[in-house]
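S.K.: My questions all concern the structure below.
A short reminder: the numbers here are calculations on the coordinates, not readings from a lab. In this text, all values refer to a predicted model and were calculated from it rather than measured experimentally. Note: ideal-geometry Cβ built from the backbone for every residue, glycine included; neighbour counts use all protein chains shown.
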Ligand code: GAF
């Protein structure tokens, strides 16, 4: 993650016209178009994606937007409305893992990954704007990558299906950025739809849109950004992934997706204590995703609170990816009226979500703000989200 100043949840993205006009001022010609892609909240299903399991994220109404113009040479010029990197200029042939810094890793990684797929990518000028909070576990980097891959898919006429764009952005993250992440975030950003969560089987990328609207149930989903910054290129994420791979190998399965809750007793005899707990998280989390999908269909969002709570406990105790700020956000929101809460995203910082009755919103917000102040933590950013549209061209 770049150390550049954060766009916050409150910093509105400039309108499409503004971004196109600014592009024209900066680059001396109008852009070919403007594309946007959202960040995501994961409702449930954490660290299950790279275990070929199930996830249930949704796209949020915080987006990265890119105005892009095609050049006649192989130069690539990148500028963002935030941060302090200024205009970055490079060439297509200079793109290789490790060659980029800060936010430019994301668009350049996508260009590199598309070229690796044999797609003829032109030189471009690109202006980025985003109001997805950085480092908050809401997938700000994938939002950039998904806006760029959507733009280049159209501009090059490559005709990639969503599943292929997912794999291209994963390649960019894994091999160019250096974060060994799965496919959940870009799937939500590229395949999300208003009013729906994306129930994704990460083994075959089969996606089902699941209606998820809190308002009719008298609920809201609060995001509590703890402001504890994290990076998936740090060691914690990779070490959890390695434990899962070890667990699968010892259990003789292709991936932990193939282990069921009923197999856990046998697993406890085969695995060391830490690996067993990592495996137990993934196996029970997959089961919780399936239960969440069933309960949403049968009873609606009011019925999923206990599953969110159980997911958090599993990440805190078995997978050990929570932190004191996330635990405080979750515990305080539960104690002050939320019907379920959990950390969301890869962990080690970032945001929690709290499913909260509309009538308790102010109480939960106030309780969390004062608990953070009392603990001496930075003030959290608290805002509501609801499922929004996936990536698209907007001008
Ligand atoms: C991060 C990763 F990018 C996802 O692929 C996923 O593994 C998630 O952490 C944890 O569920 O957001």
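S.K.: Taking the options 48, 91, name whichever one is in contact (Cβ under 8 Å) with a residue 24 or more places away in the chain and more than 26 Å from the chain's Cα centre (by Cα).
M.R.: None of the other options fit; the residue is 91.
S.K.: Can you report the number of residues in region 18-47 which are in a loop (DSSP other than H, G, I, E, B) and either within 10 Å of the ligand (Cβ to nearest atom) or surrounded by fewer than 24 Cβ atoms within 10 Å (Cβ to Cβ) (or both)?
M.R.: Residues meeting the conditions: 7.
S.K.: List, please: which pairs have Cβ atoms under 7 Å, are six or more places apart or on different chains, and start with a residue in region 193-210 that is touching a residue at least 24 places away in the same chain (Cβ under 8 Å) and end with one that is in a strand (DSSP E or B) and loosely packed, with under 15 Cβ neighbours inside 10 Å?
M.R.: Taking only residues 6 or more apart or on different chains, the pairs are 195/211; 196/211; 199/208.
S.K.: Identify the single condition in (1) out of contact with any helix residue (DSSP H, G or I) (no Cβ under 7 Å at 6 or more places or on another chain); (2) farther than 30 Å from residue 20 by Cα that residue 367 does not satisfy, given that it satisfies every other one.
M.R.: Exception for residue 367: condition (1).
S.K.: Just a yes or no: is a residue in region 151-166 crowded, with 24+ Cβ neighbours inside 10 Å, away from the ligand (no atom under 16 Å from the Cβ) and closer than 30 Å to residue 24 by Cα?
M.R.: Yes, region 151-166 contains a residue that is crowded, with 24+ Cβ neighbours inside 10 Å, away from the ligand (no atom under 16 Å from the Cβ) and closer than 30 Å to residue 24 by Cα.
S.K.: Could you list, in sequence order, all residues of region 48-67 that are surrounded by fewer than 24 Cβ atoms within 10 Å (Cβ to Cβ) and more than 30 Å from residue 222 (Cβ to Cβ)?
M.R.: Scanning region 48-67 gives a single hit, 52.
S.K.: Could you say which residue among 78, 108, 92 is crowded, with 16+ Cβ neighbours inside 10 Å and over 23 Å from residue 134 (Cα atoms)?
M.R.: Exactly one of 78, 108, 92 is crowded, with 16+ Cβ neighbours inside 10 Å and over 23 Å from residue 134 (Cα atoms), namely 92.
S.K.: Then there's this: For residue 350, work out the one condition from (1) more than 22 Å from the chain's Cα centre (by Cα); (2) on the phi > 0 side of the Ramachandran plot it doesn't fulfil.
M.R.: (1)
S.K.: Return only the number of the condition from (1) part of a loop (DSSP other than H, G, I, E, B); (2) away from the ligand (no atom under 11 Å from the Cβ); (3) buried (at least 24 other Cβ atoms within 10 Å of the Cβ) that residue 138 does not satisfy.
M.R.: Going through the list (1) part of a loop (DSSP other than H, G, I, E, B); (2) away from the ligand (no atom under 11 Å from the Cβ); (3) buried (at least 24 other Cβ atoms within 10 Å of the Cβ), residue 138 breaks only (2).
S.K.: Quickly run through region 75-108 and pick out the residues that are more than 16 Å from residue 145 (Cβ to Cβ), out of contact with any helix residue (DSSP H, G or I) (no Cβ under 8 Å at 6 or more places or on another chain) and part of a helix (DSSP H, G or I).
M.R.: 93, 94, listed by residue number.
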